[in-house]
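Enquirer: Below you'll find the structure I mean.
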Amino acid sequence: MEKDKIKLNEFIENPEHYFVLLKPVEETRNDIHTIELNVEGYRDLFCMIMDLLKTAKFALDGIEVSTESNINTERYVGSLLRIIEMLIPLEETELLDMLYLKHLNEKNKSDSN
């Protein structure tokens with residue numbers, strides 16, 4: 001339990017170590033945030049954007065793409081999955097685990113009383 005208190009104090013004193021996915025756009029305004037997407041360069045970025053647009057177009061058109069088609073749907077879906085993976089806040093999971101453990105400890109204390 002003492003170790004949890006130390007971690008919680010660390011969180012309170014240095015929250016920037018735990019909240020790393022979203023960054024405020026401006027120091028004076030914290031209602032708008034940015035998120036970092038890693039790309040290998042402009043070509044990769046433009047290909048990713050084009051894949052997103054094509055995937056959206058296929059979805060809107062309702063086109064059923066067969067395996068014999070020359071449209072490379074795997075690439076478009078791969079781009080979507082890559083972006084989704086970058087948006088998952090894995091760095092913040094340690095914080096959530098700490099808070100959940102604290103909640104469980106508090107609950108166990110109150111249940112035992």
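The values are calculated or read from the model by the stated rules, or taken from the named source; none is laboratory data. All values derive from a computational prediction rather than experimental measurement. Note that we place each Cβ from the backbone using ideal geometry, even for glycine, and neighbour counts take in every protein chain shown. The accessibility values were calculated without ligands, DNA or RNA, using every heavy atom of the protein model including side chains. Shrake-Rupley method; radii C 1.70, N 1.55, O 1.52, S 1.80 Å.
Enquirer: Could we say that Glu74 is part of a helix (DSSP H, G or I) and either more than 11 Å from the chain's Cα centre (by Cα) or over 25 Å from Leu37 (Cα atoms) (or both) here? Explain how you work it out, then say what you get.
Expert: Values: part of a helix (DSSP H, G or I): yes; either more than 11 Å from the chain's Cα centre (by Cα) or over 25 Å from Leu37 (Cα atoms) (or both): yes.
Yes.
Enquirer: I need a count of the residues in region 78-113 that are touching a residue at least 12 places away in the same chain (Cβ under 8 Å), under 26 Å from Asn9 (Cα atoms), in a helix (DSSP H, G or I) and open to solvent by less than 90 Å² (accessible area, probe 1.4 Å).
Expert: Counting residues in region 78-113 that are touching a residue at least 12 places away in the same chain (Cβ under 8 Å), under 26 Å from Asn9 (Cα atoms), in a helix (DSSP H, G or I) and open to solvent by less than 90 Å² (accessible area, probe 1.4 Å) gives 6.
Enquirer: Please give the number of the condition Glu26 fails out of (1) surrounded by 10 or more Cβ atoms within 10 Å (Cβ to Cβ); (2) modelled with pLDDT of 75 or more.
Expert: The one condition Glu26 does not meet is (1).
Enquirer: Moving on. Mind counting the residues in region 63-113 that are more than 26 Å from Leu53 (Cβ to Cβ), of a type in the set (S, T, N, Q) and at pLDDT 75 or above?
Expert: 4
Enquirer: I'd like the residue in region 6-23 that is open to solvent by less than 100 Å² (accessible area, probe 1.4 Å) and at pLDDT 75 or above and, out of all such residues, is farthest from Leu90 (Cα to Cα).
Expert: Here the residue is Asn9.
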